[in-house]
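Notes follow once the structure below has been shown.
The values are calculated or read from the model by the stated rules, or taken from the named source; none is laboratory data. Since this is a predicted model, take the numbers as computed values, not measurements. All Cβ positions, glycine included, derive from the backbone under ideal geometry; neighbour counts span all protein chains shown.
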Amino acid sequence: MAETIHAGTHAAIHHTVPTTRWRKVLRFHAHLVEMVVVMVLGMMLLAPVWDWVGAAVGIEALLARPDAGAVVMVLDMVAAMTVWMRVRRHGWPAIWEMNAAMAAPFAVLLVLFWMGVMSAGDMMLWGHVLMVPAMAGAMLLRPAEYTEHVHGFDLAWLRNRWPVLLGLLLLAGTIAGGVGGVPTWSILAMALVYPVVGIVRNSIRGRSMVLLQAAGLAVFAGISLLAGVLVGQDTGAYVLAAGLVGHGIWDAFHHRANAVVWRWYAEACLVFDVLLASAVLASTLGS
């Protein structure tokens with residue numbers, strides 16, 4: 001009797017293991033197909049945005065270059081993948097790994113293109129071909145992430161990203177007015193927001209925070225002054241872009257620490273600063 005029960009149990013286990021493995025395989029491939037679809041949608045939906053940016057900033061010729069087009073395409077895919085994977089409750093390490101896997105083929109092929117070893121058409125073709133196995137390789141680094149977890153949708157995280165949308169809207173308005181018309185004193189104006197809001201909210205507490213805010217204001221005032229002196233020159237545009245990136249880092253610090261200003265303001269300002277700096281650089285390099 002005991003032998004019969006043992007034999008039946010063994011047969012049941014032997015029968016269910018292959019089913020479980022096949023389910024994992026199906027989930028893995030379903031996730032991979034999902035990622036590829038998101039990647040393609042990112043390219044399709046964001047391409048018109050780049051057309052508008054190119055016309056507004058005056059960098060149509062720059063974006064028409066094969067290497068610049070490849071970089072823009074990767075950025076579109078990475079942006080779409082990051083949002084989708086986060087909404088699907090994937091962990092940030094898995095998201096960064098997936099983004100790196102998507103960019104890796106083009107990082108290698110671009111070097112070959114610049115060396116003259118590979119044509120633009122071959123670079124685009126093989127970049128897309130190699131991207132899918134690279135993504136599968138990133139998934140194999142964390143198999144349980146894609147075969148066992150039921151992720152669902154984190155729509156609350158998506159709703160909470162409204163400051164990003166605000167920053168993008170402000171950026172669109174600024175770019176529409178002309179990147180060349182961005183005043184150099186805007187860096188000082190943004191830097192002044194922090195101590196002013198801090199005083200109003202009484203959120204600057206402690207001697208170290210007072211000194212930090214004073215130092216930050218002095219640094220950004222100096223950058224604003226230097227950019228003003230060099231206005232009309234490429235060097236002045238580079239200084240302005242560097243100041244915007246520096247203020248973006250300032251925003252990130254305050255956002256992470258939840259200090260002085262509202263977190264939503266720091267998040268929106270971070271998006272605005274970094275992307276505007278990119279627009280200024282692109283406009284200068286494309287002119």
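Scan the range 238-251 and give yes if some residue there is exposed (fewer than 14 other Cβ atoms within 10 Å of the Cβ) and within 29 Å of Arg161 (Cα to Cα), otherwise no.
Kept after step one, since they are exposed (fewer than 14 other Cβ atoms within 10 Å of the Cβ), are these residues of the range 238-251: 249.
If we keep only those that are within 29 Å of Arg161 (Cα to Cα) too, we end up with 249.
Yes: one or more hits.
Any residue at all in the range 96-114 that's assigned to a loop (DSSP other than H, G, I, E, B) and surrounded by fewer than 17 Cβ atoms within 10 Å (Cβ to Cβ)? Before you say what the answer is, go through the steps one by one.
Of the residues in the range 96-114, the ones assigned to a loop (DSSP other than H, G, I, E, B) are none.
No.
Yes or no, residue by residue, for (1) touching a residue at least 12 places away in the same chain (Cβ under 8 Å); (2) farther than 29 Å from Tyr238 by Cβ:
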position	(1), (2)
Val71	yes, no
Val83	yes, yes
Met124	yes, yes
Met139	yes, yes
Phe153	yes, yes
Leu158	yes, yes
Leu169	no, no
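Restricting the range 35-68 to residues that are within 24 Å of Met98 (Cα to Cα) and in contact (Cβ under 8 Å) with a residue 40 or more places away in the chain, which is surrounded by the most Cβ atoms within 10 Å (Cβ to Cβ)?
Just the residues of the range 35-68 that are within 24 Å of Met98 (Cα to Cα), to begin with: 35-47, 49-50, 66-68.
Imposing the further condition that a residue be in contact (Cβ under 8 Å) with a residue 40 or more places away in the chain reduces the set to 35-36, 38-39, 66-67.
Working: Met35: 26, Val36: 15, Val38: 17, Met39: 24, Pro66: 14, Asp67: 15.
Restricting to residues being within 24 Å of Met98 (Cα to Cα) and in contact (Cβ under 8 Å) with a residue 40 or more places away in the chain, the top hit is Met35.
Residues in the range 181-211 that are of a type in the set (A, V, I, L, M) and in contact with a Phe, Trp or Tyr (Cβ under 9 Å, 6 or more places away or on another chain): how many? Let's see the steps before the verdict.
Just the residues of the range 181-211 that are of a type in the set (A, V, I, L, M), to begin with: 182, 187-193, 196-197, 199-200, 204, 209-211.
Next, from what is left, pick out any that are in contact with a Phe, Trp or Tyr (Cβ under 9 Å, 6 or more places away or on another chain): 187-188, 190-193, 197, 204.
Of the residues in the range 181-211, 8 are of a type in the set (A, V, I, L, M) and in contact with a Phe, Trp or Tyr (Cβ under 9 Å, 6 or more places away or on another chain).
Is it the case that some residue within the range 149-171 is β-branched (Val, Ile, Thr), at pLDDT below 95, more than 19 Å from the chain's Cα centre (by Cα) and loosely packed, with under 15 Cβ neighbours inside 10 Å? Spell out the reasoning first.
Our first condition is that a residue be β-branched (Val, Ile, Thr); within the range 149-171, this holds for 150, 164.
From what's left, at pLDDT below 95: 150.
Next cut, more than 19 Å from the chain's Cα centre (by Cα) only: 150.
Adding the requirement that they be loosely packed, with under 15 Cβ neighbours inside 10 Å leaves 150.
For the range 149-171, residues β-branched (Val, Ile, Thr), at pLDDT below 95, more than 19 Å from the chain's Cα centre (by Cα) and loosely packed, with under 15 Cβ neighbours inside 10 Å: present.
So, in the range 189-247, of the ones that are of a type in the set (Lys, Arg) and assigned to a helix (DSSP H, G or I), which residue ends up farthest from the chain's Cα centre (by Cα)? If you could, list the steps in order and put the result at the bottom.
From the range 189-247, those of a type in the set (Lys, Arg) are 201, 205, 207; that's our starting set.
Narrowing the set further to residues that are assigned to a helix (DSSP H, G or I) leaves 201, 207.
On the way: Arg201: 31, Arg207: 35 Å.
Filtering first and then ranking leaves Arg207.
Taking Leu281 as meeting all but one of (1) assigned to a helix (DSSP H, G or I); (2) of a type in the set (A, V, I, L, M); (3) touching a His at 6+ places or on another chain (Cβ under 6 Å), write down the number of the exception.
If we test Leu281 against (1) assigned to a helix (DSSP H, G or I); (2) of a type in the set (A, V, I, L, M); (3) touching a His at 6+ places or on another chain (Cβ under 6 Å), just (3) comes out false.
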